[in-house]
Each structure stands twice: as structure tokens, then as C-alpha cells.
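The structure appears right after this line, and notes come after that.
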Amino acid sequence: MTHKLPPLPYALSALEPHIEAHSLSVHHGKHHAAYVEALNLALEGAPEQLQGRPAHWLLLNLDQVPENIRDTVRNNAGGHLNHSTFWQSMSPGAGVEVNGALGNAIDHAFGSMAKFKSDFEEAGTKVFGSGWVWLVKSPNGDDTLRILTTTGHDNPITQGFYPLLVNDVWEHAYYLQYENRRAEYLKGWWSVANWKEAGRRLARAGYQADLPSKGDAEELLVASKKSGDSAVARPSLVR
């Protein structure tokens, strides 16, 4: 299996004005593409059991990856998976009212949608350097929703969390348009947040909501009780 750059599920200009077409083009066509290219290069000549494995499998089974390429695979498989999830976490014309199972779960966990958004923005602002801010379902049968952050390209699935929504706070995600104004980027992101996809993921995670439909991003809807490789940093739990 050769890892491939997934096409964006919308036109480059579809997320304007919050994310300009040029910024999105560079982010997807250069940064994400570079992770895919580096991952494929690292896997050339790797053991047969690693061939044909999707990015999430590689992250959950880093102990099976040869030590000499393990960090490279971890970083680039993470970059590939995280960005693939990020594109699905956005949609043009989003920002609609959130209700149903997802709205109820957010209210239960955070008190209100307004409080959740405030906490999510604050968590993203506080990420030191490069990383991600996530809305996740807790592992081990715990239905609680939580906000957590990861550094670099670490992904919450390595600790059993189930991603519902993610925002990229690496500088390359916003710097061409917002320069150093990360907080402004985070606050405006709700206008493109894909609540329909978050609700679909929540239903897949076991909530009583509309049944999820199959799609190209199906492999991203994964969760595991595996604790992950010891080299993987634990996500920072915000709430």
C-alpha cells in the first residue's frame, strides 16, 4: 500500500473567509503532501508486515516498526492521519446549531456549548509550539467528552481516546493569513467546524444518534484500548 494524499472534500475557496484558498492550498498541497511522501519513503524496504498498513495501524503498533525508522514513521504517519482528520473536521457553511446526541453530550461534559468553545479555544492557545487541540470521547466505555491537546503529530488514538473534532495549531495552519494571531484563528474556526462529521463519529463511538454512513475517511474512525508504544507522549488532558 502506497499512502496517498487524500483530496480535500471541498474546493480550495470553500472555507473563505476564515481560511483563504492560498493558505489552504499550501497547507494541504505542500505540508500534508510532504508527510505522505516522507512516510512512503520511510517504509521503502520495511518488513512485509508493515506494507499495506494504514496510518492509524502504524501509530497503534509502533513496537512492530524497526527502531531505525520508528520516529520517522511515527511523525509522518501522525502528520498524515491528523491532517486527514482535520480536513474532515471542517465544512463550508458550517457553524450551524449543534443539537441531538452531540449537543447533549457537550452540554453534559462542559455545561454549555459556549463553555466548550471557550475551553477549546483556551486549550489551543496554550499549546506551546506546534500541536493539535481535540474533542474526544474517553476510552474504556466512559462516554464523557473531553478536550485534550497533543504536541507534534501525536494522535489521541494511541491512548485509546476517540477523536470527534480537531483543530490544527501548527503555525503553518494559519500563519499566512493570521500571522501570530492564533487566538483569532481559533475563535473564527467555529464558522467552518463540521458538526455533522463530529456527530457521525460520536454515533460510531456508541452514542444513540443517526447511523454513520460509510465514506473514504472510514479508516480514521478508529479507537483502541491499546495503551500505545512507550515512546508516544500522552495527550494533555484539559477537561
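One table, with the values for the structure above:
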| read-out | value |
| --- | --- |
| Above-threshold pairs, the threshold being 25 Å between Cα atoms, out of LYS115/LYS196; LYS117/LYS196; LYS115/LYS137; LYS137/LYS187; LYS4/LYS117 | LYS4/LYS117 |
| J(HN,Hα) series, the stretch 168-177, from Karplus relation 6.51 cos²θ - 1.76 cosθ + 1.60, nearest Hz, glycine and proline x | 8, 10, 5, 4, 5, 6, 9, 5, 4, 9 |
| Calculated P(r) tail over 20 Å for the stretch 1-132, as whole % of Cα pairs | 59 percent |
| For LEU165, distant residues with modelled amide H under 5 Å away | LEU135 |
| Restricting the stretch 151-191 to trypsin sites (Lys or Arg not before Pro) in coil, as DSSP defines it, with at most 15 other Cβ within 10 Å | ARG181 |
| Order of TRP170, TRP57, TRP134, TRP195 under a 10 Å beta carbon neighbour criterion, fewest first | TRP57, TRP170, TRP195, TRP134 |
| Rounded if a/c under 1.5, otherwise prolate or oblate - the stretch 65-128, Cα gyration tensor axes | prolate |
| Ranked HIS108, HIS56, criterion: other C-beta atoms within 10 Å, fewest first | HIS108, HIS56 |
| Where trypsin sites (Lys or Arg not before Pro) fall in DSSP loop in the stretch 1-107, at most 16 other Cβ within 10 Å | LYS4 |
| Residue order, fewest to most surrounding Cβ atoms within 10 angstrom, among GLU16, GLU48 | GLU48, GLU16 |
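FYI, it's all coordinate maths here, none of it is from the lab. What you see is a predicted model, and the numbers here were worked out from it, not measured in a lab. Reconstructed Cβ throughout: ideal geometry from the backbone, glycine too, with neighbour counts over all protein chains shown.
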